[in-house]
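Peer 1: Dumping the structure here so I can ask a few things about it.
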Amino acid sequence: VSIDGTLIETDRCRTPGPTPGVDLWWSGKHANHGGNIQVITAPDGWPLWTSEVRPGREHDTTALREHLMILPALATWIAHDRPVLADLGYEGEADTITVAFKKPKGGQLTDEQKTHNKAHNGKRAVGERGNSLLKTTFKALRNVSLCLWRIGAIVAAALVLLHIDHDRTT
């Protein structure tokens with residue numbers, strides 16, 4: 001399986017975060033307000049699970065750790081010699097999640113590491129399809145104007161509808 005975070009953008013915010021002057025829902029990476037949703041996909045990119053929303057300022061690893069049941073579930077998954085693939089946003093969970101090699105500061109990756117990264121990123125890219133499928137199928141996920149804490153429920157409902165529409169219930 002693959003795991004990846006996606007930002008569900010919003011136009012309703014201005015909530016002070018723990019850092020003075022930084023909005024709780026502001027994503028510096030996307031330069032927009034929104035909620036961070038984690039999505040687990042099957043090897044073919046079909047979305048299987050979506051998380052509750054976390055503030056957009058949280059990195060993927062931090063957001064994932066807030067969902068207490070998912071890391072133990074992923075650990076059980078990998079115990080059966082099945083990988084969990086993710087991008088470098090999850091490098092803090094390298095014991096459970098397989099990430100690409102990060103280029104060392106001031107150094108280079110070996111040819112073996114580069115080859116591994118190409119294969120890893122090729123497999124993981126298919127998992128990105130799950131986020132895209134949800135956001136392109138449901139216009140409501142492109143910009144939410146409701147209570148930000150409801151984003152997770154909206155995404156979960158979209159996941160159920162997607163499974164029903166495609167007769168792919170799990």
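Peer 1: When the Debye formula is applied to the Cα atoms of the range 106-154, each taken as the same point scatterer, what base-10 log of I(q)/I(0) results at q = 0.15 Å⁻¹?
Peer 2: Each listed q maps to, in turn, -0.61.
Peer 1: Still on this structure, I have one more. Arrange the peptides 106-114, 64-72 so that the one whose residues have, on average, the most other Cβ atoms within 10 Å appears first. Provide the component values of the computation, followed by the final result.
Peer 2: Numbers: 106-114: 10.2, 64-72: 14.1.
For the peptides 106-114, 64-72, the packing ranking is 64-72, 106-114.
Peer 1: Label the chain by shape, choosing from rounded, prolate and oblate, from the square roots a ≥ b ≥ c of the eigenvalues of the Cα gyration tensor; if a/c is under 1.5 it is rounded, and otherwise prolate applies when a/b is larger than b/c, oblate when it is not. Present the calculation step by step, with values, prior to reporting the outcome.
Peer 2: On the way: a/c = 1.85, a/b = 1.22, b/c = 1.52.
Since a/c reaches 1.5 but b/c is at least a/b, the shape of the chain is classed as oblate.
Peer 1: Starting from the Cα-Cα distance between Ala31 and Leu48, subtract it from 0.36 nm times their residue separation and give me the gain in nm to one decimal. Intermediate results must be reported in sequence, preceding the final value.
Peer 2: On the way: separation 17, 0.36 × 17 = 6.12 nm, distance 2.79 nm.
Taking Ala31 through Leu48 to full extension adds about 3.3 nm, to one decimal.
Peer 1: Calculate, for the chain, the solvent-accessible area per residue in square angstrom, rolling a 1.4 angstrom probe over the heavy atoms of the protein chains. Each step should come with its number before you reach the end.
Peer 2: Numbers: 9630 Å² over 170 residues.
I get 57 Å² per residue for the chain.
Peer 1: On a straight-distance basis, which lysines could pair with Lys118 in a cross-link, Cα separation under 24 angstrom, same-chain partners fewer than 8 positions away excluded?
Peer 2: Within the straight-line cut-off, Lys118 pairs with Lys29, Lys102, Lys103, Lys105.
Peer 1: Sticking with the crude label model, points 7 Å out along Cα→Cβ, report the distance from Thr136 to Thr115 in nm, one decimal please.
Peer 2: Between Thr136 and Thr115, the label points sit 3.3 nm apart.
Peer 1: What part of the accessible area of the chain, given as a whole %, is carbon or sulfur when the probe is 1.4 angstrom? Can you show the working numbers first?
Peer 2: Values: 5350 of 9630 Å².
Of the solvent-accessible surface of the chain, carbon and sulfur hold 56 percent.
The values are calculated or read from the model by the stated rules, or taken from the named source; none is laboratory data. Everything quoted here is computed from the prediction, not taken from an experiment. Heads up, the Cβs are rebuilt from the backbone with ideal geometry, glycines too, and the neighbour counts pull from every protein chain shown. We work out accessible area using only protein heavy atoms, side chains counted, and drop any ligands, DNA or RNA first. Shrake-Rupley method; radii C 1.70, N 1.55, O 1.52, S 1.80 Å.
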